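First up is the structure itself, then whatever we jot down about it.
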Amino acid sequence: MRIVVAEDLYLLRDGMVRLIEAYGHEVVATAATGPETLEALLTWRPDVAVVDVRMPPTQSDEGLRAALAARAELPGLPVLILSQYVEQLYARELLADGTGAVGYLLKESVFDADEFIDALRRVAAGGTAMDPAVISKLLSSGSSHRRLEHLTEREHSVLSLMAEGLSNQAIAQRLFLSDSAISKYTTSLFGKLGLTDDDSSNRRVLAVLAYLNEP
């Protein structure tokens, strides 16, 4: 994969570059500010970009703004956002266009190399990769919690993993269940939530995330 890394902290940026290259991928450009990030994304049009939310010059949400601006110019541009903390608003804005190819991880996830690279691959392939802490925040919000009360404990577990961006096969492996069992749980929870099931796992994940992001 051709990857852009946008992070203002040198040590973290350099560490991600080395990690990505160790897995056989190419870092085509790096950026340390919001404007540099937007320029790099539009110039290089990478297979996927890793972008820190807070970057100079104001250390607010320049990275996210640059990523959203680039996706407005290049619809579907794969972007994996990194954040120090869980901010539901960031997740909502990132998912607003409903096209997928997005991810939102906490920075601590970078320290799990396999998980980080897997997230990059999923996003590059047009899927989603959401940090478990982000999903936990969405599931525990008042409106979501009320709407999910009628799900069984197992359906709740399947929904959480699906929202992270995992396929049915990956969910089955995580929960030590068969693919057919996960398919049944998925059909049941979609019916209870009033969502339309879909053969495309990406579209199903986006439907779940849109549901959880409703105010």
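The values are calculated or read from the model by the stated rules, or taken from the named source; none is laboratory data. Small disclaimer: the values here were computed from a predicted structure and weren't measured. Virtual Cβ from ideal backbone geometry, glycine too; neighbours counted across all protein chains shown. Surface accessibility is based on the protein's heavy atoms, side chains included, excluding ligands, DNA and RNA. Shrake-Rupley method; radii C 1.70, N 1.55, O 1.52, S 1.80 Å.
The figures follow:
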item	result
Selected from Gly127, Gly165, Gly76 as most flexible by GNM, with the chain as the system and alpha-carbon contacts under 10 Å	Gly76
Value of [θ]222 nm, deg cm²/dmol, for the chain, DSSP H segments ≥ 4, -39500 (n - 2.57) each, nearest 500	-16500 deg cm²/dmol
Under 11 Å, Cβ to Cβ, from Glu155 - net charge with Lys/Arg +1 and Asp/Glu -1	+2
Selected from Ala125, Met55, Thr152, residue furthest toward positive end of dipole (the chain; charges at beta carbon)	Thr152
Three-way shape label, region 90-182, alpha-carbon gyration tensor, a/c 1.5	oblate
Correct option for Rg/Rh (Cα atoms, Kirkwood Rh) [calculated from the coordinates] among (1) 1.08; (2) 1.01; (3) 0.98	(3)
Under the Debye formula (equal points on every Cα, no solvent term), log10 I(q)/I(0) of region 153-213 at q = 0.26, 0.29 Å⁻¹	-1.17, -1.48
Reachable lysines, given that their alpha-carbon falls under 20 Å from the alpha-carbon of Lys107 and they are not under 8 places away in the same chain	Lys137
Net charge over other residues, Cβ less than 12 angstrom from the Cβ of Thr99 (K, R count +1; D, E count -1)	+1
Accessible area of the chain belonging to carbon and sulfur atoms, whole % at 1.4 Å probe	52 percent
Thr152 accessible area, assembled protein chains, probe 1.4 Å, Å²	60 Å²
Solvent-accessible area per residue, Å², over the chain with all protein chains present [probe radius 1.4 Å]	46 Å²
Net dipole in debye of region 1-146 [+1 Lys, Arg Cβ; -1 Asp, Glu Cβ; about Cα centre; nearest 20]	380 debye
Calculated FRET value between Phe176 and Ala32, using beta carbons and R₀ = 30 Å, to 0.05	0.10
Loop-located GluC sites (Glu not before Pro) in region 74-161 whose Cβ has at most 11 other Cβ within 10 Å (DSSP)	Glu149
